[in-house]
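Remarks on the structure that follows.
The values are calculated or read from the model by the stated rules, or taken from the named source; none is laboratory data. This one's a predicted model, so the numbers in the text were calculated from it and none came from an experiment. All Cβ positions, glycine included, derive from the backbone under ideal geometry; neighbour counts span all protein chains shown.
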């Protein structure tokens, strides 16, 4: 398999952890007999500060035309206080490429990582499917009498039939394709009686089309409660943009933190983008101390998206092994530096699966 991968390392620790994800992908390519061609783009704070350009003109067309998938690092730099460049790049890619499905796995890889009592590996394994292009994040609204004591700030919550139908259908299809038997839709339709009534009606419309998947509904406040009380009950959760953002971060806290949080921004009919969801953590940038595991697990999601499910499993197995043996960064209880974690993971894959090269 030959695949062209566009790489945007971003800012801060994105510049530190992205090379480690690529290191693991190169090991996968060597072991699996594939060819991955990486092209790096310097879109980030440095370029923006030097040129005033965040997302270059024609960038989306070039990505669609020339690449099979995009890997995005963290964005954000204190030298750009309003984070305009990060907003332009991230939302420009999400909205411009119609990346309407945000996939956030929540899977416990080592029992010592969860703050929950009496929970172990196998107890937490669910996926949050977040609507990614509508809701409260579309930047519709405004201010009246701004910076006065009479200020009015309005933020519009946009829900369309097209957007709601395609994300709920995507979640059902994802469950079907990945052998997951249960799906939960979460909203707040008892309070958001217009926008989330639409979610209720579309959910009821689609349920009969997937009779093999047990589907149900919870209000989002109850969902948050249940995630702490009994997370084993969840398999696939689909919800709106804002709730998905919050619930997936809560899920990350249950399995070890944002240092393990991978995500995919998916358009099943077009180009998709994968990114770790931790921030750029400027104070740790360039010090070789950041945990690259979220970036590496994101690379595993990228492989799965490309149809390389076995290779994606190699990445997860290597991550499990690193945690079992203590070959991790300090925030996971180890002592390895950023580059050393990438080296260990790549070496593990190369050593563990050498026979795969001969069979490729």
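Against the condition farther than 15 Å from residue 107 by Cβ and in contact with a strand residue (DSSP E or B) (Cβ under 8 Å, 6 or more places away or on another chain), how does residue 254 come out, does it pass?
Judged against the criteria, residue 254 is not a match.
For the stretch 82-94, check the following and say yes or no: at least one residue is surrounded by 22 or more Cβ atoms within 10 Å (Cβ to Cβ), closer than 24 Å to residue 290 by Cβ and touching a helix residue (DSSP H, G or I) at 6+ places or on another chain (Cβ under 6 Å).
Yes, some residue in the stretch 82-94 is surrounded by 22 or more Cβ atoms within 10 Å (Cβ to Cβ), closer than 24 Å to residue 290 by Cβ and touching a helix residue (DSSP H, G or I) at 6+ places or on another chain (Cβ under 6 Å).
Hand me the list of strands (runs of 3 or more DSSP E) wholly inside the stretch 131-201 holding 2 or more residues that are in the same structural domain as residue 239 (by TED's automatic domain parsing) and surrounded by fewer than 17 Cβ atoms within 10 Å (Cβ to Cβ).
In the stretch 131-201, the matching strands (runs of 3 or more DSSP E) lie at 141-144, 152-155.
Given the condition assigned by TED's automatic domain parsing to the domain that holds residue 26, more than 29 Å from residue 122 (Cβ to Cβ), modelled with pLDDT under 95 and outside any loop (DSSP other than H, G, I, E, B), answer yes or no: does some residue in the stretch 326-339 qualify?
no
Which strands (runs of 3 or more DSSP E) does the stretch 1-99 wholly contain that include 3 or more residues that are under 28 Å from residue 342 (Cα atoms) and in contact (Cβ under 8 Å) with a residue 60 or more places away in the chain?
2-8, 69-72
Would you tally the residues in the stretch 309-331 being in contact (Cβ under 8 Å) with a residue 60 or more places away in the chain, surrounded by 20 or more Cβ atoms within 10 Å (Cβ to Cβ) and under 25 Å from residue 69 (Cα atoms)?
Number of matching residues: 5.
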